[in-house]
Amino acid sequence: MITKSEYMENSSELHQEYYLQFATESTFQFVRSSIGLNKLRESKDKYFNDVIRMPGRADATWIWDLSPCNLQLMRELGEVGERSLPSKSTLTCVGKAAARKLLSDSE
């Protein structure tokens, strides 16, 4: 496990691993069903910033901040406070980490 303070000391090296530890099976299922591997493969942006909406929706809803996560582990490792919820940017990082893992596993 990587704590928030450990991550902050070396965030560029630990980004993927740090946020992936907060992904759950629900996160992976969310990415598969709400975004899909084909859409991820078609992305032209290495950060998936061109993947912004759920299939079939015309609005530009930023889908990544709807990513499920392991809130208890986030609290244990200092990502969020005991009574706090994760920020939308944290949820985005968890979702994108799960997406990268799914893509690497499918190759």
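The values are calculated or read from the model by the stated rules, or taken from the named source; none is laboratory data. Fair warning: this is a prediction, and the values are worked out from it, not measured in the lab. FYI the Cβ positions are ideal-geometry reconstructions off the backbone, even for glycines, and counts take in every protein chain you see.
Taken together, the criteria exclude E13 from residues that are exposed (fewer than 11 other Cβ atoms within 10 Å of the Cβ), at pLDDT 95 or above and either in contact with a strand residue (DSSP E or B) (Cβ under 8 Å, 6 or more places away or on another chain) or assigned to a loop (DSSP other than H, G, I, E, B) (or both). Could you check, for the range 32-39, whether at least one of its residues is surrounded by 11 or more Cβ atoms within 10 Å (Cβ to Cβ), among the basic types (K, R) and either without any contact (Cβ under 8 Å) to a residue 24 or more places away in the chain or closer than 16 Å to R100 by Cβ (or both)? Yes, there is a match, as at least one residue in the range 32-39 is surrounded by 11 or more Cβ atoms within 10 Å (Cβ to Cβ), among the basic types (K, R) and either without any contact (Cβ under 8 Å) to a residue 24 or more places away in the chain or closer than 16 Å to R100 by Cβ (or both).
Just to be sure before I move on: is S43 among the small types (G, A, S) and either touching a helix residue (DSSP H, G or I) at 6+ places or on another chain (Cβ under 9 Å) or surrounded by 13 or more Cβ atoms within 10 Å (Cβ to Cβ) (or both) in the structure I sent?
It is true that S43 is among the small types (G, A, S) and either touching a helix residue (DSSP H, G or I) at 6+ places or on another chain (Cβ under 9 Å) or surrounded by 13 or more Cβ atoms within 10 Å (Cβ to Cβ) (or both).
For the range 65-87: of the residues being at pLDDT 95 or above and outside any loop (DSSP other than H, G, I, E, B), which is surrounded by the fewest Cβ atoms within 10 Å (Cβ to Cβ)? Looking at residues that are at pLDDT 95 or above and outside any loop (DSSP other than H, G, I, E, B), I get Q72. Regarding T61, is this residue surrounded by 13 or more Cβ atoms within 10 Å (Cβ to Cβ) and among the polar types (S, T, N, Q)? No, not satisfied. Identify all residues within the range 1-31 that are closer than 16 Å to R100 by Cβ and acidic (D, E); write none if there are none. Correct list: E13, E17.
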